[in-house]
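Since the structure comes first, as structure tokens, the remarks are kept for the end.
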Amino acid sequence: MHTHGAAGVAPAVLLPFAAALAAYLAAAAQERRRGRPWPAGRTAAWVGGVLLVLGAVAVPVPVGRPLVAHMAAHLVVGMLAPLLLVGAAPVTLALRALDVERARQLARLLRGAPVRLVSHPVTATVLSVGSLVVLYRSPLLGRMLADPAVHALVLAHVLASGCLLTAALVGPDPAPHRPGFRTRLVVLVLGVAAHRVIATSLYARPPAGVVVADAEAAAVLMSYGGDAAHVALTVLLCAQWYRSAGRRRASGRARRPAAQDA
């Protein structure tokens, strides 16, 4: 199977990354000028996430082990970088930085039925896991490994679906229709199981045209790298659950004395 390398990053590829950094940093700077400083940790998370994606895109794909290289890029772009990008709360920043009318338009969009559908954890999981099945069990894999443009499109999808899933499960941005913690935990567990099944299948039945050793190494990387990312998601989800329960307890204690005084 013919595979491709990369001699460097074309200037056109850098534009989306530069635009993403510039837009976020400009919005954060605007908040500071208004006297509402934006958390430095969130800004650092956005910068780190964008640089991670850029690094994954820029690394050459070796001729001898193309699937391992793709899997490493997949894990970075689809699992690690979304933890940082979603954690940076870009929607919250946009709602604060935009003028009133545009912020209302964005809020209406977020409350709309299409966003409600695609941002549900079940939908996001199906899009993420289903795309893996399509990729590794169809001719798309061969096209991706042979054509840099197709590889870039696949990584773009992986990034979008990874951010969507991360936001659906643990995102700090407003999510009016997000289900409860138990539902999200069940969906996360099912997603972990599906991810492990796909990795096992890739190891046991390498795709046509892929060197067995390459497929096996990619499957191992997918399994252990995916587990690490899922552990991070589980920790974040449980931390949110704990904080939410704490706020409910504190609110209950505050109401009881008020009721007794009445």
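Scaled to the compact-protein estimate 2.2 N^0.38 Å, what is the alpha-carbon radius of gyration of region 23-88, rounded to two decimal places? Walk me through the numbers on the way to the answer.
On the way: Rg = 15.5 Å, N = 66, 2.2 N^0.38 = 10.8 Å.
Compared with the compact-globule rule of thumb, region 23-88 sits at 1.43.
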>> At q = 0.08, 0.10, 0.12, 0.13 Å⁻¹, what log₁₀ I(q)/I(0) does the chain have when each alpha carbon counts as one equal point scatterer in the Debye sum?
In response: -0.38, -0.58, -0.80, -0.92
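Counting only heavy atoms of the protein chains, get the accessible area per residue of region 122-237 (1.4 Å probe) and round it to a whole Å² value.
Result: 46 Å² of accessible area for each residue.
Quick check: at a probe of 1.4 Å, how many percent of the accessible area of the chain sits on carbon and sulfur atoms? Could you put the intermediate results ahead of the total?
Details: 9580 of 13880 Å².
After summing per-atom areas, the C and S share lands at 69 percent.
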>> Please list Cys238, Cys163 from largest to smallest accessible area, probe radius 1.4 Å, with all protein chains kept in place.
In response: Cys238, Cys163
>> Can you show me the helix-derived [θ] at 222 nm for the chain, built from DSSP H runs with n ≥ 4 at -39,500 (n - 2.57) apiece and divided by the number of residues, rounded to the nearest 500.
In response: -26500 deg cm²/dmol
> Among Leu155, Ala40, Ala219, which residue has its Cα positioned farthest towards the positive end of the charge dipole of the chain, with +1 placed on the Cβ of Lys and Arg, -1 on the Cβ of Asp and Glu, and the dipole taken about the Cα centre?
Replying inline: Ala40
> If you find the alpha carbon centre of region 159-180 and of region 188-222, how far apart are they in angstrom?
Replying inline: 26
> Taking Cα pairs under 8 Å and at least six residues apart, what relative contact order does the chain come out at, in percent?
Replying inline: 23
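Taking the Cα centre as origin and putting +1 on Lys and Arg beta-carbons and -1 on Asp and Glu beta-carbons, what dipole magnitude results for the chain, to the nearest 20 debye?
On the way: 26 positive and 9 negative charges, 295 e Å.
Using Cβ point charges on Lys, Arg, Asp and Glu, the chain gives about 1420 debye.
The values are calculated or read from the model by the stated rules, or taken from the named source; none is laboratory data. No experiment lies behind these values; they were computed from the predicted model shown. Don't worry about glycine lacking a Cβ; one is built from the backbone with ideal geometry, like all the others, and counts go over all protein chains shown. Side chains included, ligands, DNA and RNA excluded: accessible areas come from the protein's heavy atoms. Shrake-Rupley method; radii C 1.70, N 1.55, O 1.52, S 1.80 Å.
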